[in-house]
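None of the figures in this text is laboratory data; all of them are computed from the coordinates on show. What you see is a predicted model; the values in this text were computed from it and never measured. Because the Cβ atoms are built from the backbone with ideal geometry, glycine has one as well, and the counts that use them run over all protein chains shown.
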Amino acid sequence: MSITAYKRTITETESPRQIERRILSNVTADLESRHLAFDQAATSGDKLALLADGLRDSLWHNERIWMALRNDLADSGNALPPDLRAGLISLALWVETHTQKVLAGQQKIKPLLDINRSIIRGLEGNPMHVME
C-alpha cells in the first residue's frame, strides 16, 4: 500500500480528534520511555548524552505537535469555544517554553508528560479527568 493510500485510509476512518489523540499518544509514549533517565540524571553531562541519544528529537517532535495545535487553534475557522482555544494556546506556549528549559537541562520532562496525558484523556472524551 502506498503512503498516499495509507494516509487516505487513516483520514477516512479516524476523526480529527482521534488523529490528534493518536499522534499525541505516540510522542508521549516515546517521551515516557526516556524521561526517567533524564529526570534522574545526576550531571549535565548525563543529560547531554541522553539528549544526543534521541531525546532531543523526541522533545522536538512533541514541540512541533504543540506548534501545529497552536496554529490550528489560532485559526479563525477553529470551531472550539474562544475560552477553550485561548487556554489551549496558552498551554501550547507553556509547552514551548518548558521544552526549551528541558533542552537546556534546567527542567524535567515529567510536566510535559502530565500535560500530554491530560490532553489525551480529553481527546478520548474523559473531560472529568483532564488536568488532574
> What is the count of Lys pairs in the chain whose alpha carbons sit under 26 Å apart, if the two are 8 or more places apart or on different chains?
Replying inline: 4
> Each residue of the stretch 35-48 in order: what ³J(HN,Hα) in whole Hz does its phi give by Karplus 6.51 cos²θ - 1.76 cosθ + 1.60, θ = phi - 60°, with x for Gly and Pro?
Replying inline: 5, 4, 4, 6, 5, 9, 4, 7, 10, 5, x, 4, 5, 4
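So what's the back-of-envelope 222 nm ellipticity for the chain, counting only DSSP H runs of four-plus at -39500 (n - 2.57) apiece and dividing by all residues, rounded to 500?
Helix-only estimate at 222 nm: -24500 deg cm²/dmol.
What size of dipole, in debye to the nearest 20, comes out for the stretch 16-129 about its Cα centre when the only charges are +1 on Lys and Arg C-beta atoms and -1 on Asp and Glu C-beta atoms?
Details: 14 positive and 14 negative charges, 21 e Å.
Value, rounded to 20: 100 debye.
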> If one puts a single equal scatterer on every Cα of the stretch 34-102 and applies the Debye formula without solvent, what log₁₀ I(q)/I(0) results at q = 0.19, 0.25, 0.29 Å⁻¹?
Replying inline: -0.75, -1.03, -1.23
> For ALA41, what charge total do you get from the other residues with a beta carbon under 15 Å from its beta carbon, if Lys and Arg give +1 and Asp and Glu give -1?
Replying inline: +3
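With an 8 Å cut-off on Cα pairs and a minimum separation of 6 or more residues, tell me the relative contact order of the chain in percent.
Values: 92 pairs, mean separation 39.7, N = 132.
In percent, rounded to a whole number, it is 30.
What does the highest-first list of 73-86, 42-55 look like by mean Cβ count within 10 Å?
Values: 73-86: 10.6, 42-55: 13.9.
By packing density, highest mean first, the sequence is 42-55, 73-86.
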